[in-house]
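Presented below is the structure to which this report refers.
The values are calculated or read from the model by the stated rules, or taken from the named source; none is laboratory data. Fair warning: this is a prediction, and the values are worked out from it, not measured in the lab. Here the Cβ positions follow ideal geometry from the backbone for every residue, glycine too, while neighbour counts run over all protein chains shown. Just so you know, the surface numbers come from the protein's heavy atoms only, side chains and all, with ligands and any DNA or RNA stripped out. Shrake-Rupley method; radii C 1.70, N 1.55, O 1.52, S 1.80 Å.
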Amino acid sequence: MTIDEQSATAVPAEHDFPDHRQVEQRFGDLAPDGTTSTQALTRLFEHPRVGLRFPRFDRLVAEGGFGPFRILLVGQGVERWTSFGTFGATIRIGTGIRAIGRTSYTYGQGMFVDGHLVATADATIVLADKSGPIALPDELLADIEELRLPGTSAAVETKPDPLRRERQYYPAAATVHARVGDVDLNRHVNYIAQVGWYDEAIASHTHDLLGDGAAKTLPRYLPWRYRVTYLDEVRYPGTYDIGIAVSGHDGQTVHYELGLFDDNRCLGTANASAPRGKLPATALT
């Protein structure tokens, strides 16, 4: 069962999460309509997640018993369940471990306002050395075992369909340019910035379909749900293309398939669900 299927059937209650943190809603988190943007959600969820400590594993690394290694974020999902957002408001975020594999583990998170669930997220982490993914050491397994959420599953599949890595799979495309502000401590384009790129691609595509008259309404068409896979590092400076395909739609929602490309090399993929608004059915086939 995928995380998307799990979240649709059983979202943990706030008290089920082993770790709880409070964050404050920033003015910059709010979209033009006054609600929290989906890209801002990825940033809000990041702080509690990276703040979790694994004492046994940290001690093992400090004593030279494991390494060298890299920590790779290979996939994440975020979903806004309801519109919310108030500058300065306190948000509670619960964090735990949703899935454990041989070389990876997946965080599960819930965001709560006044006790009500407003958003969920997950993030899959792989440990790797120069040869590729490496088995999680017993010390790390013991640490993450203590953070298990109810209904923890086996490893989460993060690899996209091979067809999604091909440029010709996508009938439309948008060009994005890496900015110096997109670069993080690891000297590549940050994964949160990449979510913003996918937003840009969908906005550009919507503008192409609706014309200049819809320019002021484009933020209304941005996704409320993302499932993102990171396949390779995205470098600055650089110009990249995002392939765009519509995988389905109904009267309220459009489902997009997206691919991030450097020439013909796929660096990542994303699935997104966004409001349909005034997009005509003829433009979505």
Solvent exposure of the chain as accessible area per residue, Å², 1.4 Å probe: 50 Å²
Length gained when the stretch ASP16-PHE66 is fully extended (0.36 nm per residue, less Cα-Cα span): 14.9 nm
Spatially proximal lysines relative to LYS159 (Cα-Cα < 27 Å; intrachain offsets below 8 disregarded): LYS130
Peptide ranges 32-38, 175-181 listed from the most packed, as the mean C-beta count within 10 angstrom indicates: 32-38, 175-181
Distance from the range 31-66 to the range 175-254 (C-alpha centre basis), Å: 22 Å
Added length on full extension, which subtracts the Cα-Cα distance from 0.36 nm per residue, ARG102 to LYS216: 36.3 nm
Listed candidates (1) 1.02; (2) 1.07; (3) 1.28 - label of the one calculated as Cα Rg over 2.2 N^0.38 Å: (1)
Dmax and Rg, reported as Rg then Dmax, of the range 141-285 (C-alpha, Å): 16.9, 57
Relative contact order computed over the range 44-118 (Cα-Cα under 8 Å; 6+ residues apart), in percent: 27 percent
Distance (nanometres) between label positions extended 7 Å along Cα→Cβ at LEU30 and ASP250: 3.2 nm
Simple spin-label estimate for ASP262 and ASP138 in nanometres, 7 Å along Cα-Cβ: 4.0 nm
Karplus (6.51, -1.76, 1.60) ³J(HN,Hα), θ = phi - 60°, over the range 168-174, in Hz, Gly and Pro reported as x: 5, 5, 9, x, 10, 7, 9
Under 22 Å from the Cα of LYS216 - lysines, other chains or at least 8 residues apart: LYS278
Amide H contacts under 5 Å for VAL113, placed H, 5+ residues apart: VAL118
For the chain: relative contact order, % (alpha-carbon pairs under 8 angstrom, 6 or more apart): 18 percent
Solvent-accessible area, 1.4 Å probe, carbon plus sulfur percent, for the chain: 50 percent
Whether the range 157-222 is rounded, prolate or oblate, judged on the alpha carbon gyration tensor where a/c under 1.5 counts as rounded: oblate
Cβ-Cβ FRET estimate between VAL180 and LEU209, R0 fixed at 51 Å, reported to 0.05: 0.95
